[in-house]
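Below is one structure; the comments refer to it alone.
The values are calculated or read from the model by the stated rules, or taken from the named source; none is laboratory data. None of these values were measured; they are calculated from a predicted model. Glycine gets a Cβ as well: all are built from the backbone with ideal geometry, and neighbour counts include every protein chain shown.
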Amino acid sequence: MEVDKKYAAVIGDPISHSLSPEIHNYWIKKYNINAEYRAIRVKKEELSDFIKNISKENLEGINVTVPHKERAFEIVRNISDLNKEIISLSAINTVFLKEGRIFADNTDIYGFLENMNISQMNFISGKNVMIIGAGGAAKAIISALISKDVKKIFIANRTKEKIDALKEIFSVEIEGIYLQEIEDYANNNVMIVNASSMGLLGKNDINLNFEKISKEIICYDIVYNPLYTKFLRDARNNGNKIITGLGMLIYQAAPAFKKFFGIFPEIENIEEEFSFLFNRFN
Ligand code: ATR
């Protein structure tokens, strides 16, 4: 441990396949900062002590990933003041120190929106969007869509009770549908977002009949491994515009980097700059 060096880390369990170290260490090098970003495996029973001791561990802050985002929220909530938006989400992905005190943020919301803006698709206002999935990621996306004045959100999820829970949290109009009904409701929306873990390597794919889905609908998948999921490949073959998930991962890291190391990294051409990641997942 070097005295003048700054440290930050991503914690999760498992953690070895996290891309966050590559993203943050790329910026550390680019901005010539004396710092290091690591991946640390933290088990559920260690989480509370780990978060409370980040200053003792000499860390500027941490990113929190699966499966700790909701538990980390509960821990930080008891020792810090969180803003209303984060409390409604009840999930965090960034914990950082400010003047010795612990704070937290959820930068997934920013990451989701920025990834849409690079595709010049700021088109949500007054329109409907469909989300597949009703877990933690769906919550951040609903929050992001509300900030863009979405009119109504259709949520397709295997478990209906999870949709009811979202209706309790958010004031926006939400209509729950079954996964088998996606095609029937798709054309009422400007965009379909997969926020579930379906399509992830090793998990079952989303199989939609695109003959029933308008080409005008933008298809967005937050899964990035594989980068082109079956859902996105089918959408692209049908002529729909698609947005992949790797951009969201990179953009959500930027505000966290600022909290840890004081610089907001500029991203000019994401696919060029991060070609070392984009090429890996093609
Ligand atoms: P995250 O925090 O990443 O959103 P999560 O809260 O575990 O993770 O949510 C995962 C989402 O993927 C859930 O909506 C889940 O559906 P259920 O609410 O029915 O559990 C969905 N999901 C995961 N595996 C699925 C599968 N095999 N079929 C259908 N939906 C699935």
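Observations on the model:
- Applying the criterion of at least 3 residues that are of a type in the set (A, V, I, L, M, F, W, C) to the helices (runs of 4 or more DSSP H) found wholly in region 136-196 leaves 136-147, 160-169.
- Qualifying residue in region 248-259 (condition: at pLDDT below 95 and either part of a loop (DSSP other than H, G, I, E, B) or in contact with a His (Cβ under 8 Å, 6 or more places away or on another chain) (or both)): no
- Residues of region 156-185 that are over 21 Å from Ile87 (Cα atoms) and within 10 Å of the ligand (Cβ to nearest atom): Ala156, Asn157, Arg158, Thr159, Lys160, Leu179.
- Options Glu74, Glu70; residue that is more than 13 Å from the ligand (Cβ to nearest atom), in a helix (DSSP H, G or I) and not hydrophobic (A, V, I, L, M, F, W, C): Glu74
- Any hit, region 147-155, residues being more than 15 Å from the ligand (Cβ to nearest atom), over 18 Å from the mean Cα position of the chain (by Cα) and among the acidic types (Asp, Glu): yes
- Selection count, region 52-67, where residues are more than 16 Å from the ligand (Cβ to nearest atom) and outside any helix (DSSP H, G or I): 10
- Of the numbered criteria (1) within 16 Å of the ligand (Cβ to nearest atom); (2) free of Cβ contacts under 8 Å to residues at least 40 places away in the same chain; (3) over 23 Å from Asp105 (Cα atoms); (4) not in a helix (DSSP H, G or I), the one Val223 fails is (3).
- Residues in region 20-51 that are more than 22 Å from the chain's Cα centre (by Cα), part of a helix (DSSP H, G or I) and hydrophobic (A, V, I, L, M, F, W, C): Phe50 alone.
- Residue in region 137-145 that is within 27 Å of Thr94 (Cα to Cα) and away from the ligand (no atom under 14 Å from the Cβ) present: yes
- Ile192 among the β-branched types (Val, Ile, Thr), modelled with pLDDT of 95 or more, closer than 28 Å to Thr107 by Cβ and away from the ligand (no atom under 16 Å from the Cβ): no
- Residue match in region 94-101 (condition: surrounded by 17 or more Cβ atoms within 10 Å (Cβ to Cβ), at pLDDT 95 or above and touching a Ser or Thr at 6+ places or on another chain (Cβ under 7 Å)): yes
- Hits in region 50-107 - residues which are touching a Pro at 6+ places or on another chain (Cβ under 8 Å) and either free of Cβ contacts under 8 Å to residues at least 24 places away in the same chain or not polar (S, T, N, Q) (or both): Asp105
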